[in-house]
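**Q** Input: one structure, supplied below.
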Amino acid sequence: MSVLIKARGLSKRYGSLRALDKVDFDIEEGCIVGLIGPNGAGKTTVLKAVLGLTGFDGELDVLGHDPRKARERLMQEVCFIADVAVLPRWLKVGNALSFVEAVHPRFNRERAMHFLERTRISQKSKVGQLSKGMVTQLHLALIMAIDAKLLVLDEPTIGLDILYRKEFYSNLLNDYFDGKRTILVTTHQVEEVEKLLTHLMFIDNGRIVLNDSMEAVGEKYAEVLVNPDKTESARGLNPISEREIFGKKLFLFEGVERGKLQQLGELHTPSVADLFVAKLKGAVQ
Amino acid sequence: MNAMQPYIALGKREIWEHKSLWIVPAVIGCLGILFAFYGSGALLVAAHQGMININSDISGVDRMEGVRAFIFGSAAFFNTVMLFMVWFYLMDSLHADRKDRSILFWRSLPLSDATTVLSKLFTGMVTAPALMLAAVIVTEIITGILFIIALSLAGVNILPLVFQPGTIVLAWITLAFALIVQSLWLLPFYGWFLLCSAWARKLVLAWTVLIPLGAMLAERLVIGTHYLSSAIFGHIVKMFMMTMSGHYSVNGVSVGSGIAVGVDNRHNPFLDHGGPMTLGSLAHMFAQPEMWIGIAIGAIFVFGAIWLRRNRSEI
């Protein structure tokens, strides 16, 4: 598999604030990467750098281009949905289709129409007349009709109700992702993307604190529900987090041999949210 | 894909967003036609009462002057309104999408920032005047026909006097050329509006006006000169004098008229022949060093706007 995005020493400062601090990562073709982090961790800065929307220091190669110099060229192969409602209110749906068709060589109007037919969006409507959820449907229809290599999503479902959120990701997975395309997504609603992701990247304070495939995460991290009598021996194995549930202790371990853990209790793969909390607490300590 | 297609789409996009670019000229045209209805009614009454007496001895030159006075004169109001419209359009053009964050959508399309900024400039310099000219021509044809019909109903036939297709078409071509010259002459202003639009976080209007005013004031207070104010105001005044004015004498009645404002042209130093604007007098403006200095300054501002759009578009 070829590397689509390669970052080396990627840094960005806003005045004295270090939004990104010498970050290194690779993103390979065909992956769905979740970039997860608290507010102000640098997620959006990473995306903006990748898209050529902001300047940065260090090296960044996206599909063989330097995004600072070749945004226009890059955008033929990269699509982007920032959070909902960045489509201008005055734009008519039909005109949006015509405009993208005229300026984007890889846009297929029939495909976009096909997606729109499943919704209640009329071509004559203006974006300002649509609900938030419908604007997102429209944006997704436009983007899914573009034959791109990389799709970048920045909090694509923020502020939407659960029906639209579920539909958004199921459309993306069923109608867009074909195993060759690459998706880079940031979100706060980790539970929703969890089953979708092939790779996980945690970012905190401008640094990457975890970057693994979901398989590797499943092998490396384990959650064990421990009876009170074994609590001390569990602590001896250096868990990265400890919580109490129904009078028992729930420990999260990183890189501890499975055999040892099985003696303590039943093993589970931790949820991304729990892993996130554990890793970030660790980073704070 | 047609190579021109993206540029045509960009041009249309501006009209979708800024409907005033065609609505305002259309409304002025409708108002003009409404007044012409009223006026032709008045003419009809006056002619019935024998108050109109056509002197068929009017010389050929005076007839042409009269037709031109009508064509340039009725364009004057359109043009004045259009100049303000273009000012506000350009101030909004690189600011509105930063404010509502739709810039994130526009910049996710494979269009360079230079192309985008130049499409706004093109809309201000070419599309807006072209839409205005179309409205002017339609209005003039309809009002002209109204007057001719009203007078003929009263038994006065002015058709042979005013129906001079060559003069009429030439006047429209002159008008089109005047609008191009006007756009180029105003490029430093247009560039400045784009620069402010790309730069200001809010209150674009205040910045476009206050920065030049502040610079003029600073020059006067600190250095004690007023080169900047004379350059800026002089540039505006000269535009009106050079392209937009014309002194017409129709049958002994003096009519000051132009496509911008009525300016008496008898003492206009830029028109040695003292007549109305012609293709030649307009072309003469390209011989003015001030034209080229203005274009150079305008180009610098436009480059600045492109740079800001590319590197500092966050609000």
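Bear in mind these aren't lab numbers, they're just calculated from the coordinates by the rules spelled out. Note that the structure is a prediction, hence the values are computed from the model and not measured. No Cβ is skipped: glycine too gets one built from the backbone with ideal geometry, and neighbour counts run over all protein chains shown.
**Q** Expressed as a whole percent, how much of the Cα-Cα distance distribution for region A:177-251 exceeds 16 Å? Provide the component values of the computation, followed by the final result.
**A** Values: 1788 of 2775 pairs.
Summing the P(r) tail past 16 Å for region A:177-251 gives 64 percent.
**Q** Something else now. Taking 0.36 nm per residue of separation and subtracting the Cα-Cα distance, what length does fully extending B:Val169 through B:Trp292 add?
**A** Numbers: separation 123, 0.36 × 123 = 44.28 nm, distance 2.93 nm.
Full extension from B:Val169 to B:Trp292 adds 41.3 nm.
**Q** Still on this structure, please answer the following. Between region B:108-129 and region A:3-68, what is the C-alpha centre distance in whole Å?
**A** Centre-to-centre (Cα) distance: 30 Å.
**Q** Can you compute the FRET efficiency between B:Ala42 and B:Phe233 using 1/(1 + (r/R0)^6), with r the Cβ-Cβ distance and R0 = 45 Å? Round to the nearest 0.05. Please report the intermediate quantities before stating the final value.
**A** Numbers: r = 39 Å, r/R0 = 0.88.
Given R0 = 45 Å and the Cβ-Cβ separation, E is 0.70.
**Q** Over the Cα atoms of region B:1-129, compute the convex hull volume and normalise it per residue, giving Å³.
**A** Taking only Cα atoms, region B:1-129 has a hull volume of 157 Å³ per residue.
**Q** Just checking the output field for A:233-244: average partner chain Cβ neighbours within 10 Å of each residue's Cβ? Each step should come with its number before you reach the end.
**A** Values: counts 0, 0, 0, 0, 0, 0, 0, 0, 0, 0, 0, 0.
That average works out to 0.
**Q** As an exercise, take the mean of 1/r over every pair of distinct alpha carbons in region A:51-119, invert it, and state the Kirkwood radius in angstroms.
**A** Every distinct Cα pair counted, the radius reaches 14.2 Å.
**Q** For peptide A:140-147, what's the mean number of Cβ atoms from other chains within 10 Å of each residue's Cβ?
**A** Details: counts 0, 0, 3, 1, 0, 0, 3, 0.
If you average over the peptide's residues, the count of other-chain Cβ atoms is 1.
**Q** Based solely on C-alpha atoms, express the radius of gyration and the Dmax of region B:122-200 in angstrom.
**A** My reading of the Cα-based Rg and Dmax gives 18.4, 62 Å.
**Q** For the Cα atoms of chain A, what angle does the longest principal axis make with the long axis of helix A:272-284, in degrees from 0 to 90, nearest 10?
**A** Roughly 70 degrees between the two axes.
**Q** Follow-up. Taking one equal scatterer on every alpha-carbon of region A:96-151, how large is log10 of I(q)/I(0) by Debye at q = 0.15, 0.16, 0.18, 0.24 1/Å?
**A** -0.39, -0.45, -0.56, -0.96
**Q** Give, rounded to the nearest 20 debye, the magnitude of the charge dipole that chain A has about its Cα centre when Lys and Arg contribute +1 at Cβ and Asp and Glu contribute -1 at Cβ. Numbers along the way, then the final one.
**A** Details: 39 positive and 38 negative charges, 202 e Å.
I would put it at about 960 debye.
**Q** Another question, then. Semi-axes of the equivalent ellipsoid of region B:57-159: what are they in whole Å, largest first, if each equals the square root of 5 times a C-alpha gyration tensor eigenvalue? Walk me through the intermediate numbers first.
**A** On the way: eigenvalues 397, 34, 23 Å².
Working from the Cα gyration tensor, I get semi-axes of 45, 13, 11 Å.
**Q** How long are the semi-axes of the ellipsoid equivalent to region A:222-270, from square roots of 5 times the Cα gyration tensor eigenvalues, in whole Å, largest first? Walk me through the numbers before you get to the answer.
**A** On the way: eigenvalues 41, 24, 20 Å².
Each semi-axis is √(5λ); the values are 14, 11, 10 Å.
**Q** Can you give me the Rg/Rh ratio for region A:1-48, using Cα atoms for both radii and the Kirkwood formula for Rh? Don't skip to the answer; put the middle values down first.
**A** Details: Rg = 11.9 Å, Rh = 11.8 Å.
Rg divided by Rh gives 1.01.
**Q** Report, by chain and number, residues whose modeled amide H sits under 5 Å from the one on A:Leu184, excluding near sequence neighbours (fewer than 5 apart, same chain).
**A** Counting only residues 5 or more places away or on other chains, the set is A:Val33, A:Leu151, A:Val152, A:Leu153.
**Q** Calculate the radius of gyration of the Cα atoms of region A:170-215 to one decimal place, then report Dmax, the largest Cα-Cα distance, as a whole number, both in Å.
**A** Expressed in Å, the Cα Rg and Dmax of region A:170-215 come to 11.9, 35.
**Q** Can I ask one more? So what are the ³J(HN,Hα) numbers for region B:200-211, from phi and the Karplus equation (6.51, -1.76, 1.60; θ = phi - 60°), rounded to whole Hz, Gly and Pro as x?
**A** The phi angles translate into 5, 7, 8, 6, 4, 4, 4, 5, 4, 8, 6, 5 Hz.
**Q** Rounded to the nearest 500 deg cm²/dmol, what is the calculated helix-only ellipticity per residue at 222 nm for chain A, with -39500 (n - 2.57) per DSSP H run of length n ≥ 4?
**A** -8500 deg cm²/dmol
**Q** For B:Trp307 and A:Glu194, FRET efficiency with R0 = 51 Å and r from the beta-carbon atoms, rounded to 0.05? Intermediate values should be presented prior to the final figure.
**A** Numbers: r = 42 Å, r/R0 = 0.83.
Computed FRET efficiency for A:Glu194 and B:Trp307 comes out at 0.75.
**Q** So how compact is region A:1-106: Cα radius of gyration and Dmax in angstrom?
**A** Looking at region A:1-106, its Cα Rg and Dmax stand at 15.6, 45 Å.
**Q** Amide H to amide H under 5 Å from A:Ser241: which residues, 5+ apart in sequence or cross-chain, H placed 1.01 Å off N in plane?
**A** Amide H to amide H, under 5 Å and 5 or more residues apart or across chains, A:Ser241 pairs with A:Leu252.
**Q** Here's something else I'd like to know. Only Lys, Arg, Asp and Glu count, each charged at its Cβ (+1, +1, -1, -1), so figure out the dipole size of region A:139-243 about its Cα centre, rounded to 20 debye. Walk me through the numbers on the way to the answer.
**A** Values: 11 positive and 18 negative charges, 38 e Å.
For this selection, approximately 180 debye.
**Q** Another question, then. To the nearest whole number, what is the average tally of beta carbon atoms from other chains within 10 Å of the beta carbons of peptide A:50-61? Write out the running numbers ahead of the final one.
**A** On the way: counts 0, 3, 3, 7, 4, 3, 0, 0, 0, 0, 0, 0.
If you average over the peptide's residues, the count of other-chain Cβ atoms is 2.
**Q** Taking Cα pairs under 8 Å and at least six residues apart, what relative contact order does region A:47-193 come out at, in percent?
**A** Values: 194 pairs, mean separation 37.9, N = 147.
Value for region A:47-193: 26 percent.
**Q** Going highest first, how would you order A:262-274, A:26-38, A:213-225 by mean Cβ packing within 10 Å?
**A** Numbers: A:262-274: 15.3, A:26-38: 20.4, A:213-225: 17.0.
Packing order, densest peptide first, comes out as A:26-38, A:213-225, A:262-274.
**Q** Another question about this same structure. What is the sum of charges, Lys and Arg at +1 and Asp and Glu at -1, for the other residues whose Cβ falls under 15 Å from the Cβ of B:Leu195?
**A** On the way: positive: B:Arg98, B:Lys120, B:Arg201, B:Arg309, B:Arg310, B:Arg312; negative: B:Asp92, B:Asp113.
Value of the local net charge: +4.
**Q** Give, rounded to the nearest 20 debye, the magnitude of the charge dipole that the protein assembly as shown has about its Cα centre when Lys and Arg contribute +1 at Cβ and Asp and Glu contribute -1 at Cβ.
**A** Details: 57 positive and 53 negative charges, 96 e Å.
Charge dipole of the protein assembly as shown: 460 debye, to the nearest 20.
**Q** Express the relative contact order of region A:135-285 as a whole percentage, based on alpha carbon pairs under 8 Å and six or more residues apart in sequence. Don't skip to the end; give the middle numbers.
**A** On the way: 173 pairs, mean separation 29.6, N = 151.
RCO, region A:135-285: 20 percent.
**Q** Add +1 for every Lys or Arg and -1 for every Asp or Glu among the other residues with Cβ under 12 Å from the Cβ of B:Ala114, and state the total. Intermediate results must be reported in sequence, preceding the final value.
**A** Details: positive: A:Arg71, B:Lys120, B:Arg309, B:Arg310; negative: A:Glu72, B:Asp113.
With Lys, Arg at +1 and Asp, Glu at -1, the neighbours total +2.
**Q** Further question: Taking every pair of Cα atoms in region A:79-215, average 1/r, invert it to obtain the Kirkwood radius, and report Rg/Rh to two decimals. Intermediate values should be presented prior to the final figure.
**A** Details: Rg = 15.4 Å, Rh = 15.8 Å.
Taking Rh as the inverse mean 1/r over Cα pairs, Rg/Rh reads 0.98.
**Q** Okay, moving on. I need the per residue convex hull volume for region B:152-194, using only the alpha carbons, in cubic angstrom as a whole number.
**A** Details: hull volume 4.3 nm³, N = 43.
Expressed per residue, the convex hull around the Cα atoms of region B:152-194 is 101 Å³.
**Q** Compute the angle between helix A:132-144 and the longest alpha-carbon principal axis of chain A, please, reported from 0 to 90 degrees and rounded to the nearest 10.
**A** 80 degrees
**Q** Rg(Cα) of the protein assembly as shown divided by 2.2 N^0.38 Å? Could you put the intermediate results ahead of the total?
**A** Numbers: Rg = 33.3 Å, N = 600, 2.2 N^0.38 = 25.0 Å.
Taking the Cα Rg and dividing by 2.2 N^0.38 Å, one obtains 1.33.
**Q** Find, to one decimal place in angstroms, the Kirkwood hydrodynamic radius of chain A, where the mean of 1/r is taken over every pair of different Cα atoms and then inverted.
**A** On the way: mean 1/r = 0.0486 Å⁻¹.
In chain A this quantity evaluates to 20.6 Å.
**Q** Using a Förster distance of 22 angstrom, determine the FRET efficiency expected from the C-beta separation of A:Lys22 and A:Asp212, and round it to 0.05.
**A** Numbers: r = 20 Å, r/R0 = 0.89.
So the FRET efficiency works out to roughly 0.65.
**Q** Something else now. Going by alpha carbons, how many degrees (0 to 90, nearest 10) lie between the helix axis of A:162-171 and the longest principal axis of chain A?
**A** Rounded to the nearest ten degrees, it is 80.
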